Structure formats: C-alpha cells, structure tokens
1. Run down I139, I62, I86, I98 and say which single residue is buried (at least 20 other Cβ atoms within 10 Å of the Cβ) and either closer than 28 Å to M3 by Cβ or assigned by TED's automatic domain parsing to the domain that holds I206 (or both).
2. Looking at (1) within 11 Å of the ligand (Cβ to nearest atom); (2) among the aliphatic types (A, V, I, L, M); (3) over 18 Å from G264 (Cβ atoms), can you tell me which one V229 breaks?
3. Let me confirm something: among I251, I263, I193, which residue is more than 15 Å from the ligand (Cβ to nearest atom), surrounded by 13 or more Cβ atoms within 10 Å (Cβ to Cβ), aliphatic (A, V, I, L, M) and farther than 27 Å from G88 by Cα?
4. Name the one entry in Q272, Q252 that is assigned to a helix (DSSP H, G or I) and at negative phi.
5. Of the numbered conditions (1) in contact with a helix residue (DSSP H, G or I) (Cβ under 7 Å, 6 or more places away or on another chain); (2) within 11 Å of the ligand (Cβ to nearest atom); (3) among the aromatic types (F, W, Y), Y201 satisfies every one except a single condition; which is it?
6. Which condition number in (1) within 14 Å of the ligand (Cβ to nearest atom); (2) closer than 27 Å to Y55 by Cα is the one that H167 fails?
7. Which residue, of L203, L232, is surrounded by 12 or more Cβ atoms within 10 Å (Cβ to Cβ), touching a Lys or Arg at 6+ places or on another chain (Cβ under 7 Å) and over 17 Å from K129 (Cβ atoms)?
8. Please state which of the following conditions D128 fails to meet, knowing it meets all the rest: (1) closer than 21 Å to P244 by Cβ; (2) out of contact with any Pro (no Cβ under 6 Å at 6 or more places or on another chain); (3) within 13 Å of the ligand (Cβ to nearest atom).
Amino acid sequence: DYMLWKNEIVERKPENAMVSFEDRGYQFGDGVYEVIRIYDGKLHVLDWHLDRLFYSMEQLAIRAPFSRSEIKQLLKQLIEKNKFTIDGKIYLQVTRGIQPRDHVYMEDLDALFYATVDRFDQPVEMWDKGVKVMLQEDIRWLRCDIKSLNLLGNVIARTKAQRSGYHEPLFHREGIVRECGASNFYMIKDGVIHTHPTNHYILGGITRKKVLLFAKELEIPVKEREIKVEELQDADECFLTATPLEVVPIIQIDKNPVNNNEIGDITKRLQQYYRKRIYDYLE
Ligand code: PLP
C-alpha cells in the first residue's frame, strides 16, 4: 500500500510519515481535512471537495502546500499506484506546519499534507434498515462550516451516542436542530424536505448539496430553514447524509420512532436516485 506524504508517494508505513511534536496539527488541531468517496477506483465529486478544502484553508489562513491541479493529479496518482479499482474513500489532511508552541501562528510556515486511500464497503444494512439518532446539546465551536481537525465536540458526542446504542448524535443549539455528528440532517413534512441553511452552525455537506440538487430534479420541494426541536415529533420522515454513507434513513430519535421505524417513500426515492446518479460525477 502507498500513501501521499508531503506531495510524494511513499509506502504506507509509520516510519515513512513521521510528524514533529511541534506540528501545529498535533498540538492544536490546527489543520483541515477532507473525505472523498471512490467508486470503482474513481473519485466522486472531486471538484466540490476541493472547493471546500481550499475554503477551509482560506478561512484559517493556512498556506496551501499544493495548487488545485497538483492535488488533483496527486490523488489520482495515489489511486493508480495502489491499483485501487474498488469502492473506497480517501482521507486527506493539511496541518498548518511546525513551529515552537505558541497560539499565535507564524505566517510563513510550510503546511504538512498527507492522504491515504482505504477500501469502503457499501453500508447496505444502514440503507435498508435505517439508524437511530440521539438528541444532544451542540457543544462545538461556532465555525462548523470549516472542516477543521478540531473534532472534540464530535468525538465526545458520537462516542456517547454509539455507546448508548445510537448511530449519531443529533445536535441542537438554542432550540434549533443543527446536524448530526458526522452528517447533515433532514426532516420531511407534508412532502417537503426541510434542512438547516448553510452557515457557520453546520458543515456544508457535499452530499447535502447533491441531495438538494437531486430533490430539485425529482421535483420534491425543499425548504432550507431552522427546524425547532419540538417539530421533530411531527416529522413524516427523517434522514441523514454523508460522503461515505450517502442517504441513510433515520427511524428513531431518542426513544421516539419516526415513520413507525420504517423508511419513508421520499427518503427511498432520494436514496435510489442518488445511487443512480453516482456515475455521472466520477473522474
Ligand atoms: N456534518 C459534519 C459535522 C460532518 O463531519 C460531515 C462529514 O462527513 C457532514 C456533515 C457531511 O458532509 P459530506 O456530505 O461532505 O460528507
């Protein structure tokens, strides 16, 4: 197996990718990341992921260690070198660089970059049976629009949810439903899809963007608005989306069943349409 380490392809071994104790990613979580899906060895919606990656770096004033065309080429070389022709995902991260520990960052640091590719099997059981989510107070910071390595809020909440028998936390803040621990959230009511607007309270999911586009193609109305926690009890259907998982039905919120613990019709239509359209977005 091979990985990308500082813009080079190396064998995927710990000793080939050692990081300094003064790397700011290690000390402060000072960095950003992306997860990109691979289908049949091809990258899915690569440009959208790169848009978000460059946005995240820009927001944190991290100096990109590659241009857009360089990173594209590197990721494709990584897949090729691994002879990777199945379904999988790429994880890539960029940390700001190395300096003596200080909250205040220096301007001229060389950012550190690595990427790995791994097999990822289709989560068929989640698609067919749906998942449960657990309402939790959103204790994350207020720039959830940046895909930052600082994930302690998510780490704590997802661990608590999974130890309690739920797949995801469902975050709320100020009485408003925001998103899940590693996915975006949607509620369907009277044939309309409701989901949180993209702003600093949530991550603008690539899968979210895609699903909203597909909803339009299927002529299913969408309202991007703040959903109150109390509204959940009247939901007809709920689902979540994330790059690895695509469209996953939510069949229970806390102890309360959604749609009698079954997958709703609109969720199923979106799920199937999403699968069908995957092959139009590969490179
Ligand atoms: N929200 C959070 C907090 C996430 O970590 C993720 C990442 O998977 C998402 C939403 C979904 O984003 P995407 O569809 O780009 O994977």
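1. Result of the check over I139, I62, I86, I98: I62.
2. Status for V229: all satisfied but (1).
3. Working: I251 fails: farther than 27 Å from G88 by Cα; I263 fails: farther than 27 Å from G88 by Cα.
Step by step, each of I251, I263, I193 is checked, and only I193 is more than 15 Å from the ligand (Cβ to nearest atom), surrounded by 13 or more Cβ atoms within 10 Å (Cβ to Cβ), aliphatic (A, V, I, L, M) and farther than 27 Å from G88 by Cα.
4. Values: Q252 fails: assigned to a helix (DSSP H, G or I).
Checking each option against the conditions leaves just Q272.
5. (1)
6. (2)
7. Numbers: L232 fails: touching a Lys or Arg at 6+ places or on another chain (Cβ under 7 Å).
Only one candidate passes the filter, namely L203.
8. Every condition holds for D128 apart from (3).
The values are calculated or read from the model by the stated rules, or taken from the named source; none is laboratory data. Predicted model, so just to flag it, every value in this text is computed and none were measured. FYI the Cβ positions are ideal-geometry reconstructions off the backbone, even for glycines, and counts take in every protein chain you see.
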